[in-house]
Amino acid sequence: MQRTISFTLNGKPTRVTVDDQRMLLWVLRSDLGLTGTKFGCGAALCGACTVVVDKEAVRSCSTPVKEVAGKRVLTIEGLSQEGRLHAIQEAFLKHHGSQCGYCTPGMIMNAYALLQKTPRPTRAQIIQHMDDNLCRCGSHHRILNAIQEAAGTMKGGAQ
Amino acid sequence: MTRDDSNSRGSMGNGGSGEGGVSESPPRDLSRRQFLALAGSGLFVFFPTDPLDAFQEPERLPARQGYPTDFNAYLRVGPDSRVTCFVGKVELGQGAMTSLAQLLAEELDVALDSVDMVMGDTDLCPWDMGTFGSLSIRQFGPVLRGAGAEARAVLLEMAAEQLQAPAGRLQVTAGVVTDPSAPGKRVTYAQLVQGKRIERRLEKAPVKPVSAFSVVGQSPRRKDALEKVTGKARYAGDFAVPGMLHARVLRPPAHGATLRDLDTAAAEKVDGARVVRDGDLVAVLHERPDLADKALRLVKARFDPPQPSVDDKTIFNHLLKTAPQPRLVGESGSLAEGEKLAANIVEETYLNSYVAHAALETHSATATIEGGKATVWASTQTPFPVKQQVAQALGFTPQNVRIITPYVGGGFGGKSASRQAVEAARLAKLTCKPVQVVFHRDEEFFYDTFRPAAVVKIRAALTGAGKMVLWDYKVYGAGDREARLFYDVPHQRTVSAGGWQGGNPPGMHPFGVGPWRAPSVNTNTFARESHIDILAARAGADPVEFRLGHLSDQRMRRVLEAAARQFGWKPARAPSGRGLGVALGIYAGTYVATMAEVAVNKSTGRVQVIRVVCAQDEGVVVNPDGSRQQMEGSITMGLGYALAEEVRFKNGEVLDRNFDTYEIPRFSWLPKIETILIENPETAALGCGEPPIVTMGAVVANAIHDAVGARLRQLPMTPARIQTALKRA
Ligand code: FES
Ligand code: FES
């Protein structure tokens, strides 16, 4: 059904008038031009499309846009504030968390959701939380190290 | 120059038009803007003619096959002292954007941060065959270093004239030339080239000796890192040109199926949808990608199925039956003589399945045609060959096709074939609109050029004293790379029949095959190193000592000894119950020794790899941390083909279509990984991104055998196969 959906996108009030069954991923990428969120599988299997809705990591390829009505959506583009990188981004830089980088936005957003809820996760908790985010380049160790360090550097956990 | 600046330059180099906007300018405008940006910053001063001519005379840019000898093709110095480096290689994740910049910065004596990379743009970069085979550093590296060294020498000559000092006395640091015996005398590269046309060339400009390296051998932050962690890095599917349509192409259900009838009426009724048919190409286009997809699902198409053929179980007999006559790869001594000396013969057959590349980014392309010129942003490992293919498909001259390669989201050999670029260009021509094609995951599996399924047969023998004396090796379907034995065996022969490179009899491989990270070497290493372990066990010897007893290659001994030291290998005869394995390999001149520890759950057949130690000799190490990243990636990816990855198919239909049934390694699979880089300044820099993966099948197989006494001869070593092997053991 065509209707107007209002939500907060990276801190800004946003309205789109679209078929409300359409998946959030395509509305973000195509209608709103935010291409940082990636398409990898289209079936909630890879995590490349992960964004944060309110406090949850969500697979935008499988989330109808109507489900974010009235909610706060955060994408990779909205993570750094006033040109300052988020601690997770800084840690990815330092630990070389990206090779091809295609999984990176989804990894960072999923890690962000983890640290919101569990500011000091154990390595096992990180692995469990991140396990359904795929990386074909094998950057896994670097990503784990980055998340662990970010958790350690963020005051009182995630901001 | 701040890091931000350098990165926005980088993004231009990667085919973007710059800064953050949602939609792109049309390409002509884009190239004009790029051109103005480049020309305005004086980047063309090295060119002997007006900058404009550089674009108007494509033949001046090296479109011909072969690396140009004019160093101007690779680098330009701007009045702002920034150096732009042009290479036909692309950034797939392997870090070439950084390591190639290091090579140039080293030879030119400029700061690494001042180098901006322009990669894989066929209008701006010198010709290159493609980014594969660990060739970027090994083969192209010397070319780029040579260009940098010659440019530096020319600049020094110019500086000598300007400073009126002998060139030999001058020093260069970060692009500033000084005369140590006349403090205060200085001139920058930028000042030297500004407003001048330099046609000067030098016959011989030696590259630096390893001992003088200051940039090469360091591990700087990757040039692509900032864009990648902020979501600014753009891939071929991230370009949005005004008026662009997203295309979804109708695909057959199976290879060999033919379209019988087609009804597109319902799809055409979808608001904003367009249906295009051109021969075999049927596509639905829409301004929104998901709505194009929705409309495609309304297309009613009936296909005639192909003739029943092979499946993933019958493929191995099929390969043996259809393989061409084996070709001799290498031979020494005489097999007949070896048979005479044989006291203990071991004969085995090793199998591996088709494996997908499964890069996280699917094949993507965005194409526009304006003023008779096609521009295609493509996720490809081979922009220059793709340019030819697009030109041919459109009926354009190659000069009227430009391929721009932005960041590529993983390739591993799978983006050497770039069908999507041709499809996007054809559809752009048919619709007179910019068109984007992004494969869905099922198309990615369907059209992948898989690592070939293969059969290896080995007959080998020991003398009564436990020395290898005979080695008769036959590989079918995979290819002959690194098939030759590097162990000392007096009577040996290696033959190969068919492979990933094509030239196979029709139907031998029922779908596309191609290079897959270290092509044919994963297969050959799995078979060889498994067999060596069986022989070691027969000889009652520790697998490491047995290998050392047959190795006179000093580089190989050195990597093995380094890995054993780090691992803390204690000799024992397998199966020792410890779950430890070793495997050695060579790829493209790089040597690796890998050791692993595994735990096998006997009731489920599940394997957890606990620890991997890998020693690598890649000659001179350009970027140590970059090499380690690639080694870790190789080891992790290798767990996939070792334990889980196989493409199932039947009668031309690919049954694995997404990551639900096709499992790739994930965080919970990770072993502890320790990497060792051997110091070897005597050998020129070699590739680092592929070698360790070749050992992963065998090292895990050998460790499983050591753990539970079951020998796996087929990859992947799935829980079911392990359970079967356990019953036999
Ligand atoms: S694209 Fe959404 S999970 Fe893969
Ligand atoms: S860095 Fe390439 S998929 Fe993760």
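The values are calculated or read from the model by the stated rules, or taken from the named source; none is laboratory data. This is a predicted model, so every value here is computed, not measured. Note that we place each Cβ from the backbone using ideal geometry, even for glycine, and neighbour counts take in every protein chain shown.
Among strands (runs of 3 or more DSSP E) lying entirely in region B:329-420, which contain 1 or more residues that are surrounded by fewer than 18 Cβ atoms within 10 Å (Cβ to Cβ) and outside the structural domain of residue B:488 (by TED's automatic domain parsing)? Before the answer, list the steps.
Details: elements: B:344-352, B:364-370, B:373-378, B:401-404.
Passing ranges, in order: B:364-370, B:373-378.
Restricting attention to region B:661-687, and to residues there that are at pLDDT 95 or above and farther than 25 Å from residue B:600 by Cβ, which single residue is surrounded by the most Cβ atoms within 10 Å (Cβ to Cβ)?
Taking region B:661-687 first, the residues at pLDDT 95 or above are B:661-678.
Of the ones still in play, those that are also farther than 25 Å from residue B:600 by Cβ are B:676-678.
On the way: B:676: 19, B:677: 18, B:678: 21.
The residue in question is B:678.
Read through the list (1) surrounded by fewer than 18 Cβ atoms within 10 Å (Cβ to Cβ); (2) not acidic (Asp, Glu); (3) not assigned by TED's automatic domain parsing to the domain that holds residue B:149, then give the number of the only condition that residue B:209 fails.
(3)
At the interface with another protein chain (Cβ under 8 Å from one of its Cβ atoms) and either within 15 Å of ligand 1 (Cβ to nearest atom) or buried (at least 19 other Cβ atoms within 10 Å of the Cβ) (or both), is that true of residue A:36? Write out each step before concluding.
Values: at the interface with another protein chain (Cβ under 8 Å from one of its Cβ atoms): yes; either within 15 Å of ligand 1 (Cβ to nearest atom) or buried (at least 19 other Cβ atoms within 10 Å of the Cβ) (or both): yes.
In short, yes.
Exactly one condition in (1) surrounded by fewer than 24 Cβ atoms within 10 Å (Cβ to Cβ); (2) within 16 Å of ligand 2 (Cβ to nearest atom) is not met by residue A:53; state its number.
(2)
List pairs: first in region B:352-374 and more than 10 Å from chain A (Cβ to nearest Cβ), second among the polar types (S, T, N, Q) and away from ligand 2 (no atom under 16 Å from the Cβ), Cβ under 6 Å, 6+ apart or cross-chain?
Cβ pairs passing all conditions: B:352/B:523; B:363/B:420; B:365/B:420; B:366/B:436; B:368/B:375; B:372/B:400; B:373/B:400.
Go through A:67, A:77, A:82, A:56 for me and flag whichever is modelled with pLDDT under 95 and either within 23 Å of residue B:660 (Cβ to Cβ) or of a type in the set (D, E, K, R) (or both). Break it down stepwise before answering.
Values: A:67 fails: modelled with pLDDT under 95; A:77 fails: modelled with pLDDT under 95; A:56 fails: modelled with pLDDT under 95.
Criteria check complete, one pass: A:82.
Is it true that some residue in region A:117-132 is of a type in the set (S, T, N, Q), away from chain B (no Cβ under 13 Å) and either part of a helix (DSSP H, G or I) or within 18 Å of the chain's Cα centre (by Cα) (or both)?
yes
Could you say whether any residue in region A:69-80 is within 16 Å of ligand 2 (Cβ to nearest atom), in contact with a Gly (Cβ under 8 Å, 6 or more places away or on another chain) and of a type in the set (Ser, Thr, Tyr)? Full working, then the answer.
Taking region A:69-80 and keeping what is within 16 Å of ligand 2 (Cβ to nearest atom), we get A:76.
Going one step further and asking which of them are in contact with a Gly (Cβ under 8 Å, 6 or more places away or on another chain), we end up with A:76.
Checking the rest, the ones that are also of a type in the set (Ser, Thr, Tyr) come to none.
No, every residue in region A:69-80 fails to be within 16 Å of ligand 2 (Cβ to nearest atom), in contact with a Gly (Cβ under 8 Å, 6 or more places away or on another chain) and of a type in the set (Ser, Thr, Tyr).
In region B:626-664, how many are within 16 Å of ligand 1 (Cβ to nearest atom) and either in contact (Cβ under 8 Å) with a residue 12 or more places away in the chain or more than 10 Å from chain A (Cβ to nearest Cβ) (or both)? Break it down into steps so the answer makes sense when it comes.
Initial filter on region B:626-664 (within 16 Å of ligand 1 (Cβ to nearest atom)): B:656-664.
Now drop any that are not either in contact (Cβ under 8 Å) with a residue 12 or more places away in the chain or more than 10 Å from chain A (Cβ to nearest Cβ) (or both), which leaves B:656-659, B:661-664.
Result for region B:626-664: 8.
How many residues does region A:86-111 contain that are touching a residue at least 12 places away in the same chain (Cβ under 8 Å) and away from ligand 1 (no atom under 16 Å from the Cβ)? Can you show your working first?
Looking only at region A:86-111, we keep the residues that are touching a residue at least 12 places away in the same chain (Cβ under 8 Å), and these are A:86-92, A:94-100, A:102-111.
Add one more test, that the residue is away from ligand 1 (no atom under 16 Å from the Cβ), and what stays is A:86-92, A:94-99.
Final tally of qualifying residues: 13.
Test residue A:108 against the stated conditions and say whether it is among the aliphatic types (A, V, I, L, M), at the interface with chain B (Cβ under 8 Å from one of its Cβ atoms), within 16 Å of the chain's Cα centre (by Cα) and not in a loop (DSSP other than H, G, I, E, B).
Working: among the aliphatic types (A, V, I, L, M): yes; at the interface with chain B (Cβ under 8 Å from one of its Cβ atoms): yes; within 16 Å of the chain's Cα centre (by Cα): yes; not in a loop (DSSP other than H, G, I, E, B): yes.
Taking the combined requirement at face value, the residue satisfies it.
Against the definition (at the interface with chain B (Cβ under 9 Å from one of its Cβ atoms) and at pLDDT 95 or above), how does residue A:21 come out, yes or no?
Details: at the interface with chain B (Cβ under 9 Å from one of its Cβ atoms): no; at pLDDT 95 or above: yes.
The answer is no for residue A:21.
I need a count of the residues in region B:246-272 that are under 24 Å from residue B:445 (Cα atoms) and either surrounded by 19 or more Cβ atoms within 10 Å (Cβ to Cβ) or in the same structural domain as residue B:512 (by TED's automatic domain parsing) (or both).
Adding up the residues that qualify gives 6.
Look through B:282, B:310 and report the one residue that is closer than 30 Å to residue A:38 by Cα and hydrophobic (A, V, I, L, M, F, W, C). Walk me through how you get there before you give the answer.
Working: B:310 fails: closer than 30 Å to residue A:38 by Cα.
Of B:282, B:310, the one residue that is closer than 30 Å to residue A:38 by Cα and hydrophobic (A, V, I, L, M, F, W, C) is B:282.
For region A:137-159, give me each residue that is of a type in the set (S, T, N, Q) and at pLDDT 95 or above. Spell out how you get there, then give the answer.
Applying the first criterion (of a type in the set (S, T, N, Q)) to region A:137-159 yields A:139, A:145, A:148, A:153, A:159.
Scanning region A:137-159 gives A:139, A:145, A:148.
Could you say which residue among B:205, B:212 is under 24 Å from residue B:78 (Cβ atoms), away from every other protein chain (no Cβ under 14 Å) and of a type in the set (Gly, Ala, Ser)? Full working, then the answer.
Numbers: B:212 fails: under 24 Å from residue B:78 (Cβ atoms).
Every option except B:205 fails the conditions.
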